[in-house]
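The values are calculated or read from the model by the stated rules, or taken from the named source; none is laboratory data. Source: prediction; values computed, not measured. Reconstructed Cβ throughout: ideal geometry from the backbone, glycine too, with neighbour counts over all protein chains shown. All accessible areas refer to the heavy atoms of the entire protein, side chains included, with ligands and DNA or RNA removed. Shrake-Rupley method; radii C 1.70, N 1.55, O 1.52, S 1.80 Å.
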Amino acid sequence: MAALYEGYTLCGLVPDQNLSSSGIQGIEEERDRDHVVVTDSTRSVTLYKVSDQKPLGSWTVKQGQKLTCPAVFNSQTNEYVAVTDNKCVIDRREHFCLFRVLFLQVSSDVWKVHCTHGGEPVVLFQRGAVRLLDSLLAAPQQPIEEVLAQEETIRWSTIIVAETQQFIIITTEQKGEHFLYLQRLNPNSVQRYRLEREEPGLSPLSFSAIYKDKHICLLYLYPNGHMYQSVLSVRGLGTEEGVQALPLPRSLLLGLPVGDGQLEAASAMALDEAHVAVVGVPHPSAGGGKDFLCIWNTNFQTLQAGKEMAGKIYGQLWSYSNKVFIPHGKTLSIIPFECPKSSLASALGKLKHTKTEESKTPNSVPSWNNILHGEKAQPSKTAETRRTRTTRKSQSTTNLTTDQVLELIKTAPVEEIQKEVEGFLTRSEFQDLQPSVGQLALTLVSRSLADPAFYSSSTLAQLVHTRCLCHSVCPDLVLLALEKKDYFLCQLCLQFFPDIPEAVTCACLKAFISMPDVDAEKVSLEPNSVTFMENLITRDRAEAGLQNGFSPTSSVVNDRQTRAEDKKKASAPSQLICPVGLHKAVLINEILQTPYSDTFLLPHLKDLSSQNVMLFLQYLQFLYLKYSQDAFPQMEGFRSPSLSQIMDWVCLLLDAHFTVLVMTPEAKGLLLNLHSFVKSQVRLVSELGKIEGSLQQLHKMKAKESIGQYSIEIIELF
């Protein structure tokens with residue numbers, strides 16, 4: 001059966017004052033399925049990394065301009081294409097860079113830009129004409145023909161690839177009549193269809209299209225809950241434009257419940273050949289006043305999954321890479337889903353999945369009487385023998401359901417809870433764990449907060465290790481671990497949770513830095529990260545070289561303004577001493593590797609005391625010096641912060657506390673050392689820039705095929 005898993009938040013929304021719009025125009029997937037481009041209803045385009053729920057970059061059009069269609073990503077040229085004020089096409093290159101922006105003023109109003117993965121962007125004009133972007137680049141002011149009739153306006157459009165050809169699908173409205181245009185590119189052709197009338201005054205709320213069985217299937221939802229399907233053939237389209245509208249047959253696919261009145265802000269989207277996602281439609285078994293995201297099986301007309309959505313529903317829905325993007329209230333949420341192939345048994349919810357050999361035995365497959373009426377099938381002797389063997393193995397452990405384990409957590413002692421949760425995780429399939437782990441964690445945390453004497457560290461660590469949890473599912477878990485001084489659990493959460501808020505990250509940082517080294521050494525931590533720091537701190541290095549642009553001795557010699565005490569501090573790296581203990585360093589390293597947005601992190605960093613900032617900067621300086629040694633091996637396979645992450649945190653701390661550090665006498669020498677870091681980096685980059693051309697020529701040179709044991713080769717660089 002289809003399943004909806006625990007969701008998480010991608011970003012906040014700024015809806016209209018009357019809450020009629022979510023403030024989002026569109027969402028487009030980028031090249032690697034882990035990045036999406038979000039276009040708001042005014043002036044901004046933002047690139048997000050889905051796995052981290054963090055913005056990677058954004059750009060805004062000029063004051064007075066307005067984005068009039070969602071931005072799309074052209075994977076052929078790594079360009080972002082958008083439209084402002086209906087007539088200006090923006091071609092922005094190199095990953096949201098502020099440079100190389102191309103503006104095209106076209107001769108007719110643009111409706112939308114469509115682009116498929118690996119295909120060229122297609123510009124659709126408001127009067128129905130279609131142009132490839134390259135043709136507009138060659139002649140922006142070329143005349144644009146009118147395809148639509150008078151008083152006919154576009155309501156929805158999309159692009160589909162069918163049999164290696166691109167098709168543009170447009171739905172329009174004219175005086176209460178609804179039409180569909182199917183346009184093929186290369187060779188160009190268009191066919192017009194007329195949609196059958198529904199009840200008087202009813203217009204489709206949403207459209208969705210999918211290509212299956214060599215046909216395009218169009219799904220459209222009406223306010224009365226009727227979802228229809230129309231099938232379009234991609235073959236047989238002539239090269240002449242079809243002016244006469246052909247009738248478009250339809251069939252009723254689903255009759256959805258509407259509750260009191262009719263649907264208003266609802267949307268339906270095809271997920272695959274047999275499943276459709278619906279939002280804004282009442283759940284059949286839930287009360288009124290609640291909005292749900294549901295997955296329906298269209299083959300068997302059954303509801304297979306549902307999730308309540310808090311806040312107002314705007315009737316918008318996007319789906320990429322088995323994830324549903326849905327704006328609701330003031331949040332844009334991502335809901336992972338799964339739609340396996342369905343049988344009638346699974347559609348009726350009567351096909352039980354077990355981990356015993358019985359379910360894999362052909363003779364033990366349930367009959368139709370068993371599926372439809374619940375009659376017990378007669379197992380074969382082999383199945384009976386294997387069932388007995390499995391039962392004997394599990395006699396010592398009671399197979400509790402999720403609800404039974406949840407009830408057990410509310411009252412049972414820690415040892416019993418740990419045993420039952422461990423057994424539950426062992427015998428559960430991964431797809432079954434997704435919704436269950438969040439419920440178990442929430443119940444454990446709730447009891448721990450209500451009863452200070454109760455706390456099960458090992459059970460919570462087991463749940464985090466499943467990687468089915470995130471901060472948005474159990475937001476109190478990290479703060480509870482800090483309160484209980486369970487720093488091992490804090491470390492696991494920092495490693496496995498991609499959506500920890502910046503405020504919680506700073507709370508962990510403050511707790512780690514303020515903790516005495518003696519207490520930190522008593523904490524059990526993840527061995528991989530401890531091994532890295534042991535090698536970094538205890539390994540003696542006899543020599544140090546110039547790497548990453550810094551050699552402490554040379555920088556002091558070249559900088560005559562550096563004082564004598566600074567020379568002493570910038571002595572050979574082999575004499576460096578880590579300013580914090582081993583385990584405290586391991587915990588701080590987890591902070592350095594946690595995803596964040598500097599915009600949201602800076603206000604919380606300002607809450608750190610000057611002593612904590614000094615200690616943190618000294619540790620970052622220690623890491624930088626160690627990383628700058630030629631003798632230090634970059635050990636792959638060990639969890640450790642990167643050099644860029646170290647420098648990013650140095651910049652963040654200086655931005656947040658620069659005034660305080662300048663006024664603190666103890667920080668003067670540290671700031672001078674940091675200044676030498678930056679100066680040496682700039683000097684190195686400058687020198688590398690001088691030989692960039694020569695290095696490129698070396699890269700292009702072909703190695704000789706036959707080289708003896710000893711050879712001298714003279715290379716002339718121009």
Could you go through the range 128-149 and let me know if any residue there is farther than 24 Å from residue 81 by Cα and touching a residue at least 24 places away in the same chain (Cβ under 8 Å). yes
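State yes or no: is residue 293 closer than 16 Å to residue 180 by Cα and out of contact with any helix residue (DSSP H, G or I) (no Cβ under 9 Å at 6 or more places or on another chain)?
no
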Test: residue in the range 76-89 that is open to solvent by 10 Å² or more (accessible area, probe 1.4 Å), touching a strand residue (DSSP E or B) at 6+ places or on another chain (Cβ under 6 Å), at pLDDT 90 or above and not in a loop (DSSP other than H, G, I, E, B): no
Of (1) part of a helix (DSSP H, G or I); (2) touching a residue at least 24 places away in the same chain (Cβ under 8 Å), residue 416 satisfies every one except (2)
Listed residues 662, 650, 685; which is open to solvent by 30 Å² or more (accessible area, probe 1.4 Å) and closer than 19 Å to residue 608 by Cα? 662
Candidates 443, 505 - the one that is under 23 Å from residue 52 (Cβ atoms) and part of a helix (DSSP H, G or I): 505
Test residue 45 against the criterion of being modelled with pLDDT under 90 and within 26 Å of residue 598 (Cα to Cα), and give yes or no. yes
Assuming residue 189 fulfils every condition listed in (1) hydroxyl-bearing (Ser, Thr, Tyr); (2) open to solvent by less than 30 Å² (accessible area, probe 1.4 Å); (3) modelled with pLDDT of 90 or more apart from one, which condition is it? (3)
Can residue 481 be described as open to solvent by less than 10 Å² (accessible area, probe 1.4 Å) and small (Gly, Ala, Ser)? yes
Looking only at the range 492-543, which residues are among the polar types (S, T, N, Q), under 24 Å from residue 467 (Cβ atoms) and surrounded by fewer than 20 Cβ atoms within 10 Å (Cβ to Cβ)? 495, 524, 528, 531
Go through (1) open to solvent by less than 30 Å² (accessible area, probe 1.4 Å); (2) in contact with a His (Cβ under 7 Å, 6 or more places away or on another chain); (3) closer than 22 Å to residue 203 by Cα for residue 297 and report which single condition fails. (3)
Can you say whether residue 236 is at pLDDT below 85, open to solvent by 10 Å² or more (accessible area, probe 1.4 Å) and on the phi > 0 side of the Ramachandran plot, as far as the supplied structure shows? yes
Quick check, is residue 626 open to solvent by less than 70 Å² (accessible area, probe 1.4 Å), among the charged types (D, E, K, R) and either within 24 Å of residue 581 (Cβ to Cβ) or at pLDDT below 85 (or both)? yes
Checking residue 428 against (1) at pLDDT 85 or above; (2) open to solvent by less than 40 Å² (accessible area, probe 1.4 Å): exactly one of these is not met. Which one? (1)
Could you give every pair whose Cβ atoms fall below 6 Å, whose first residue belongs to the range 668-679 and is part of a helix (DSSP H, G or I), and whose second residue is of a type in the set (Asp, Glu), counting only separations of at least 6 or pairs across chains? 669/566; 672/566
With the requirement that a residue be more than 16 Å from residue 27 (Cα to Cα), open to solvent by less than 10 Å² (accessible area, probe 1.4 Å) and in contact with a helix residue (DSSP H, G or I) (Cβ under 8 Å, 6 or more places away or on another chain), what does the range 106-124 give you? 106, 122, 123
State the number of residues belonging to the range 249-283 that are touching a Leu at 6+ places or on another chain (Cβ under 6 Å), open to solvent by 20 Å² or more (accessible area, probe 1.4 Å) and not in a strand (DSSP E or B). 0
Looking only at the range 458-471, and only at residues there that are open to solvent by less than 50 Å² (accessible area, probe 1.4 Å) and not in a helix (DSSP H, G or I), the one that is nearest to residue 524 (Cα to Cα): 466
Before we move on, is residue 395 loosely packed, with under 14 Cβ neighbours inside 10 Å and either part of a loop (DSSP other than H, G, I, E, B) or modelled with pLDDT of 55 or more (or both)? yes
